[in-house]
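K.L.:
After the structure tokens below, expect a handful of questions from me.
Here, each number is a calculation from the coordinates, and none is a lab measurement. A quick note: this is a predicted structure, and the numbers were derived from the prediction, not measured. Please note: Cβ atoms are built from the backbone with ideal geometry, for glycine as well, and neighbour counts cover all protein chains shown.
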Amino acid sequence: MTNQPLWHGRFANKTNEQAFALNASISFDIRMADQDVRGSIAWAEAIYKAGILDSAEHAQIQTGLLQIKEEFLSQTFTVKSDDEDIHSAVERRLGEIIGALSGKLHTGRSRNDQVATDFRLWILDHIPALDSALADLQSALVERAEKDYDTIMPGYTHLQRAQPITLGQWFLSHYPPLKRDQARLQELSRRVGILPLGSGALAGCPYPIDRIALSESLGFDVPSFNSLDAVSNRDFAAEFLFVAALIGTHLSKLAEQVVLFTSAEFGFFELDDAYSTGSSLMPQKKNADPFELTRGKAGTLLGYLMGLMATLKGLPSTYDKDLQEDKIPIFAAFDTLVAMLPVIAGALRTLTVKPARMEASIDASMMATDLADYLVERGVPFREAHAISGEVVRAGITKEKSLDALTLAEYKEINAVFDEKVYEVYDARASIAKRAAIGGTAPDAVKAQIERAKEELKN
Ligand code: ARG
């Protein structure tokens, strides 16, 4: 016997094969098998309590569903070619196990409230894996910062040499964005934790279902507010994709710098062999592929968000089949992030830092701001001090001399305030040590950030 679709009654003819294939979502919504069975177990309980099933029927349905759960766990569940989606597949299988009684399970329920419930459950189930991958990457950044809390390097704005910083400060700059992403996921969980089940196809459930008890039994916080909204609301999916895209953007910023820093022109970092790849043609090549892919995948993640937003944009209220397009990007975004995050963490933990090379990239002009501060200490208003320092920089350029190589006479020619102490300004470590206010690059301020981050990571 070939199985008929759940909705066969009204139809005289069979669905065209290609149309069926286009319609079917089993190839991807099979990932929600566990959530679908759990939702059905809870629903069976709810309609039993509402008097739709007697206790023997409820027990039989429950036993059948538990067997199906077991089949999915042991990977012995066989999907049939005419299973349209995960909901149809589970119901078909329940029929094979317990017979016609299986037909009572769908009383008062629609696949519209069912799929929205499964999908929310799936996201709630998977947020913890993302959360811990983010936490591990944060730990890797803090570990690196601890090793190099006082290693000096050039800091950049506009990708131009700006001021000396510590490498610890640089590593830690990538910590708070990920912390914020984690907080976003936690916040989002609260909006995902709202139960659509019991909304029916759109208009609500005609049976005396206790939706509060149902919500609790599935681990949701509350039942949804309005049935029309409940079956079409995919805000949580869009939010999930936004957070995923933002994580991608944060990782991309880190990745872009690692790619630059491992190039010969910078030569600040060398990746471990385990986290880099070679060229099929050029034997000398060592490429930062994991970081390039991280940068690339940030674009793909953004695309998932754009795709879903575009799907949602034209929809009227309640369920439309367009909504079936919501799952693929969520699954893909999740898979991408859980594949990427541990690789980045591993690559950061194992990379070799080249402190001499970083220090050699600091030139005296990067202390031009300190030179202005030196003048400020001698009573010159900052704006004027900035202009005088600028003149010193210009003199250096014209005379092709580093700022610390200009003679005191040359300094005094620019302004009489200069004295022999001016050369102390060009000590990069002293420049860094001065920036000790909370959040600054001074080794002590970096240590304080490390302590704070470690405290946060404990929770
Ligand atoms: N496979 C569908 C989805 O993922 C389930 C809901 C189907 N509802 C319907 N009215 N056809 O969205």
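K.L.:
May I ask you to list the GluC sites (Glu not before Pro) in the stretch 173-268 that are in a DSSP loop and have at most 10 other Cβ atoms within 10 Å of their Cβ? The partial results should precede the final answer.
P.N.:
Numbers: sites: Glu187, Glu216, Glu239, Glu256, Glu265; in loops: Glu265.
Those satisfying the criteria are Glu265.
K.L.:
On to the next question. Fully extended, how many nm does the chain gain between Ala274 and Gln75 (0.36 nm per residue separation, minus their Cα-Cα distance)? Present the calculation step by step, with values, prior to reporting the outcome.
P.N.:
On the way: separation 199, 0.36 × 199 = 71.64 nm, distance 3.33 nm.
Separation in residues times 0.36 nm, less the Cα-Cα distance, equals 68.3 nm.
K.L.:
Write down the Å³ per residue value for the convex hull defined by the alpha carbon atoms of the stretch 204-344. Present the calculation step by step, with values, prior to reporting the outcome.
P.N.:
Details: hull volume 21.7 nm³, N = 141.
Convex hull volume per residue, Cα atoms: 154 Å³.
K.L.:
Taking +1 at the Cβ of each Lys and Arg and -1 at the Cβ of each Asp and Glu, which of Ala230, Ser389, Ala339 sits farthest along the dipole of the chain towards its positive end, judged by Cα position relative to the Cα centre?
P.N.:
Value computed over the given set: Ala230.
K.L.:
Give me the orientation-averaged projected area of the Cα convex hull of the stretch 95-175, in nm², one decimal. Could the numbers behind the result be given before it?
P.N.:
Values: hull surface 40.3 nm².
Mean projected area for the stretch 95-175: 10.1 nm², to one decimal.
K.L.:
Can I get the semi-axes of the stretch 156-276's equivalent ellipsoid? Compute them from the C-alpha gyration tensor as square roots of 5 times the eigenvalues, in angstrom, largest first. Please report the intermediate quantities before stating the final value.
P.N.:
Details: eigenvalues 470, 33, 33 Å².
Computed over the stretch 156-276, the values are 48, 13, 13 Å.
K.L.:
Next question, about the same structure. Within a 10 angstrom radius of the beta carbon, how do Phe269, Phe242, Phe382 rank from fewest other beta carbons to most?
P.N.:
Working: Phe269 22, Phe242 18, Phe382 11.
Ascending Cβ contact count within 10 Å gives the list Phe382, Phe242, Phe269.
K.L.:
Just need the relative contact order of the chain here, percent rounded to a whole number, with Cα pairs under 8 Å and 6+ apart.
P.N.:
Values: 608 pairs, mean separation 74.7, N = 459.
Computed over the chain, the figure is 16 percent.
K.L.:
Here is a follow-up. Would you mind working out the magnitude of the charge dipole of the stretch 154-313 relative to its Cα centre, with +1 at each Lys and Arg C-beta and -1 at each Asp and Glu C-beta, to the nearest 20 Debye?
P.N.:
Values: 14 positive and 15 negative charges, 64 e Å.
Roughly 300 debye for the stretch 154-313.
K.L.:
Shifting gears a bit: Give me the Debye-computed log₁₀ of I(q)/I(0) at q = 0.16, 0.22 Å⁻¹ for the stretch 353-459, equal point scatterers on Cα only, no solvent, two decimals.
P.N.:
Normalising to I(0) and taking log10 leaves -0.77, -1.17.
K.L.:
Can you give me the three principal axis dimensions of the stretch 382-428 from its C-alpha atoms, in Å, biggest first?
P.N.:
The Cα atoms of the stretch 382-428 stretch 25, 22, 22 Å along the principal axes, largest first.
K.L.:
Right, next: Can you give me the three principal axis dimensions of the chain from its C-alpha atoms, in Å, biggest first?
P.N.:
Here the Cα extents, ordered largest to smallest, are 101, 52, 40 Å.
K.L.:
Next question. Grab the beta carbon distance between Ala387 and Ala436, set R0 = 25 Å, and tell me the FRET efficiency rounded to 0.05.
P.N.:
Details: r = 27 Å, r/R0 = 1.09.
The value I calculate is 0.40.
K.L.:
What's the FRET efficiency of Ala56 with Arg452 using the Cβ-Cβ distance as r and R₀ = 56 Å, to the nearest 0.05? Spell out each step's value before the answer.
P.N.:
Working: r = 60 Å, r/R0 = 1.07.
The pair Ala56/Arg452 has a calculated efficiency of 0.40.
K.L.:
Now, a different point. At 222 nm, what helix-only mean residue ellipticity would the chain give, in deg cm²/dmol to the nearest 500, using -39500 (n - 2.57) for each DSSP H run of four or more?
P.N.:
Working: 19 runs with 275 residues, N = 459.
Taking each H run of at least 4 residues, the total per residue is -19500 deg cm²/dmol.
K.L.:
Pull out a ≥ b ≥ c, the square roots of the eigenvalues of the alpha-carbon gyration tensor of the stretch 28-71, then state rounded if a/c is under 1.5, prolate if not and a/b is larger than b/c, and oblate in the remaining case. If you can, show how the numbers build up before the last one.
P.N.:
Numbers: a/c = 4.10, a/b = 1.86, b/c = 2.20.
The shape class here is oblate.
K.L.:
On to the next question. Calculate the spin-label point distance for Arg357 paired with Asn226, positioning each point 7 Å from the Cα along the beta-carbon direction, and give it in nanometres.
P.N.:
6.0 nm
K.L.:
Suppose R0 equals 51 Å. What FRET efficiency, 1/(1 + (r/R0)^6) with r the Cβ-Cβ distance, do Arg191 and Ala12 give to the nearest 0.05? Intermediate values should be presented prior to the final figure.
P.N.:
Values: r = 43 Å, r/R0 = 0.85.
Computed FRET efficiency for Arg191 and Ala12 comes out at 0.75.
K.L.:
Please list, in order, the residues from the stretch 142-181 whose amide nitrogen is less than 14 Å from a point placed 7 Å along the Cα→Cβ vector of Ile397.
P.N.:
Answer for this model: 161.
K.L.:
Using amide H atoms built in the peptide plane, which far-off residues or other-chain residues are under 5 Å from Val222 H to H?
P.N.:
HN-HN under 5 Å from Val222: Leu195.
K.L.:
Going by how many other Cβ atoms sit within 10 Å of their own, how do Phe268, Phe225, Phe291 line up, fewest first? Each step should come with its number before you reach the end.
P.N.:
Working: Phe268 23, Phe225 10, Phe291 27.
So the ranking, lowest neighbour count to highest, is Phe225, Phe268, Phe291.
K.L.:
Separate question: Write down the radius of gyration of the stretch 57-150 and its Dmax, each obtained from C-alpha positions, in Å.
P.N.:
Gyration radius and largest Cα-Cα distance of the stretch 57-150: 21.0, 73 Å.
K.L.:
How do Arg452, Arg394 rank when sorted from fewest to most other Cβ atoms within 10 Å of their own Cβ? Before the final figure, lay out each step's value.
P.N.:
Values: Arg452 14, Arg394 11.
Sorted ascending by nearby Cβ count, the order is Arg394, Arg452.
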